[in-house]
Amino acid sequence: MTAEARPASPPLTERQEARRRRILRATAELAGRGGFEAVQMREVAEAAEVALGTLYRYFPSKIHLLVATLRDRLQLLRTALREHPPAGDDAAARVTETLMRAFRAMRREPQLADAMVRALTFADRSASSEVDAVSGLTTAIILDAMGTGHPTPGQLSAVRVIEYTWHSALITWLAGRASIAQVRTDIETVCRLVGPAAP
């Protein structure tokens with residue numbers, strides 16, 4: 001079924017949403033301490049105080065768990081960015097500042113960042129809805145920074161290239177193959193696709 005044809009899931013009740021947030025908080029804590037390998041379903045269930053079967057009903061695998069955790073972090077970032085928008089005289093400067101703010105958040109919890117990015121990289125079609133949600137949020141964050149309410153096809157294409165570069169820059173930095181300065185240079189370079197950089 002296509003995303004359009006797939007029936008929408010019913011909204012979670014307040015109790016279910018609280019349980020989901022406990023699960024994601026436990027996942028983030030485990031990953032923050034021990035990275036990707038530390039996130040085991042039984043340990044997550046114990047830390048979140050839910051039955052293992054309940055955990056599997058919410059998230060079928062650790063990949064789903066970690067991609068959902070990334071989605072949650074991006075949603076928090078978007079809220080923070082709306083409260084404190086990026087500075088910059090043009091779209092390129094604002095998008096650069098937005099992505100570097102996200103990068104600084106990742107740097108504060110490198111093991112969690114590595115776990116989330118690995119999960120996003122390993123995700124297969126079974127996690128497509130979570131991956132699509134992460135991609136959609138990333139796009140929305142970039143468009144917010146651009147100040148573009150109705151992007152053209154060309155602008156959306158530029159945003160996709162920015163997303164690819166951002167993801168690749170994260171991977172190379174987490175692997176120790178790129179410095180923070182290199183990441184910023186690459187982000188600044190690709191963000192020029194949305195307009196001239198501020199002098």
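Among residues of the range 162-175 that are in contact (Cβ under 8 Å) with a residue 40 or more places away in the chain and more than 19 Å from R108 (Cα to Cα), those with a Cβ under 8 angstrom from a residue that is in a helix (DSSP H, G or I) and open to solvent by 30 Å² or more (accessible area, probe 1.4 Å), sequence gap 6+ or separate chain, pair up as I162/L193; I162/V194. Using the structure shown, decide if E43 is farther than 24 Å from A169 by Cα and free of Cβ contacts under 8 Å to residues at least 24 places away in the same chain. Yes. Taking E37 as the residue in question, decide whether it is open to solvent by 40 Å² or more (accessible area, probe 1.4 Å) and farther than 30 Å from T185 by Cβ. For E37, the condition - open to solvent by 40 Å² or more (accessible area, probe 1.4 Å) and farther than 30 Å from T185 by Cβ - is met. Among the residues of the range 59-85, those identified as open to solvent by 20 Å² or more (accessible area, probe 1.4 Å) and assigned to a loop (DSSP other than H, G, I, E, B) are P60, S61, H84, P85. Residues in the range 135-154 that are under 20 Å from the mean Cα position of the chain (by Cα) and among the polar types (S, T, N, Q) were compared, and the one that is farthest from R101 (Cα to Cα) is S135.
The values are calculated or read from the model by the stated rules, or taken from the named source; none is laboratory data. If you're wondering where the values come from, they're calculated on a predicted model, not measured in any experiment. Note that we place each Cβ from the backbone using ideal geometry, even for glycine, and neighbour counts take in every protein chain shown. Protein only, heavy atoms only, side chains kept; ligands, DNA and RNA dropped before computing areas. Shrake-Rupley method; radii C 1.70, N 1.55, O 1.52, S 1.80 Å.
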